[in-house]
Amino acid sequence: MRGARVVQKVSSTRAFARVAPHVVPALDRAVHRLTRGKVLLSAQMLPGVVLTSTGARSGLPRRTPLACMPEDGGRHWILVGSNFGRPGHPAWSHNLLAHPEAEISWKGRDVPVTALLLAGEERAAAWRALLAFWPPYAAYQARVEREIRVFRLVRR
C-alpha cells in the first residue's frame, strides 16, 4: 500500500500533470500493441482500458489508453475526464459526447460499449466512489474551474 500512496502523491502534482499526458499514453499504446492488448503499463496501479472512439470532428477512430473504475463485476466502467488536472476537457470526452457508441479493450478483449455522461445525483454518487478508489481525482478537480466529466460505459 505504501507504493500506492507514493504514486497517488506524485500523480497529484502539477509537474505530473505537465509531463504525464505526453508520456503515459504513448507508453501505454506501445505496450498494449506489443502485447496484443493484454497489458497496459498504467494498469499496474489502476485498472485500465483502451478506448476506441470516433473523432468528434474527423469521424476517424481514436485510440486512447485510460484509467477506469470497473463496476458491476466488469459489466460497466467509469471513465473520468480529469485530463490530469489540466484546464480543458480531454479530446476523448468530446468524442464520446458526439459519438457515444465506442469500443474498449478490457483485459485483452474488445467490448462494444455505449458511453453515458453522468449528471446530478448519479454523477455525485460515482464521484464519491471515484474519490475512494483514486483520491488524486480531488486534487485534479481542485485545480480546474470546469466540472470534470464522468462517463459510465455500458456493454452493448
Discussion item. Condition first: surrounded by 14 or more Cβ atoms within 10 Å (Cβ to Cβ), outside any loop (DSSP other than H, G, I, E, B) and either modelled with pLDDT under 90 or of a type in the set (F, W, Y) (or both). Now tell me which residues in the stretch 28-56 satisfy that.
Written reply: D28, R29, V31, H32, L41, S42, A43, G48
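Which ones in the stretch 125-151 are under 25 Å from R75 (Cα atoms) and open to solvent by 30 Å² or more (accessible area, probe 1.4 Å)? Working first, answer last.
Start the filter on the stretch 125-151 by keeping residues that are under 25 Å from R75 (Cα atoms), which leaves 125-137, 148-151.
Matches in the stretch 125-151: A125, W127, R128, A129, L131, A132, F133, P135, R149.
So that you can scan it fast, the table gives a plain yes or no per residue for (1) closer than 22 Å to R18 by Cα; (2) in a strand (DSSP E or B); (3) not basic (K, R):
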{"position": "H94", "(1), (2), (3)": "yes, no, yes"}
{"position": "L97", "(1), (2), (3)": "no, no, yes"}
{"position": "D110", "(1), (2), (3)": "no, yes, yes"}
{"position": "R128", "(1), (2), (3)": "no, no, no"}
{"position": "A138", "(1), (2), (3)": "yes, no, yes"}
Practice prompt. Kindly indicate whether any position in the stretch 57-73 is over 29 Å from R14 (Cβ atoms), part of a loop (DSSP other than H, G, I, E, B) and open to solvent by less than 50 Å² (accessible area, probe 1.4 Å).
Written response: yes
Worksheet item: touching a helix residue (DSSP H, G or I) at 6+ places or on another chain (Cβ under 9 Å) and on the phi < 0 side of the Ramachandran plot: does that describe P100?
Response: no
Item to complete: Please identify the pairs in which a residue from the stretch 132-156 that is closer than 17 Å to E71 by Cα has its Cβ atom under 8 Å from the Cβ atom of a residue that is hydrophobic (A, V, I, L, M, F, W, C) and assigned to a helix (DSSP H, G or I), counting only partners at least 6 apart or on another chain.
Response: V150/A126; V150/W127; V150/L130; F151/L96; R152/A126
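Any chance you could count how many residues in the stretch 58-79 are among the hydroxyl-bearing types (S, T, Y) and free of Cβ contacts under 8 Å to residues at least 24 places away in the same chain?
Taking the stretch 58-79 and keeping what is among the hydroxyl-bearing types (S, T, Y), we get 58, 64.
Applying the additional criterion that residues be free of Cβ contacts under 8 Å to residues at least 24 places away in the same chain yields 58.
The number of residues fulfilling the criteria is 1.
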Worksheet, complete the sentence: Quick count over the stretch 79-92, residues being crowded, with 21+ Cβ neighbours inside 10 Å and not in a helix (DSSP H, G or I), is 4
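Going through the stretch 103-124 one residue at a time, which ones are surrounded by 15 or more Cβ atoms within 10 Å (Cβ to Cβ), at pLDDT 95 or above and either under 13 Å from the mean Cα position of the chain (by Cα) or under 15 Å from V80 (Cα atoms) (or both)? I'd like the intermediate steps shown before the answer.
Taking the stretch 103-124 as the starting set, the residues that turn out to be surrounded by 15 or more Cβ atoms within 10 Å (Cβ to Cβ) are 103-107, 111, 113, 115-118, 123.
If we keep only those that are at pLDDT 95 or above too, we end up with 103-104, 111, 113, 115-118, 123.
Hits for the stretch 103-124 are I104, A115, L116, L117, L118, R123.
The values are calculated or read from the model by the stated rules, or taken from the named source; none is laboratory data. Everything quoted here is computed from the prediction, not taken from an experiment. Quick reminder, even Gly has a Cβ in these numbers, built from the backbone with ideal geometry, and neighbours come from all protein chains shown. Keep in mind that these areas ignore ligands, DNA and RNA; they rest on the heavy atoms of the full protein, side chains included. Shrake-Rupley method; radii C 1.70, N 1.55, O 1.52, S 1.80 Å.
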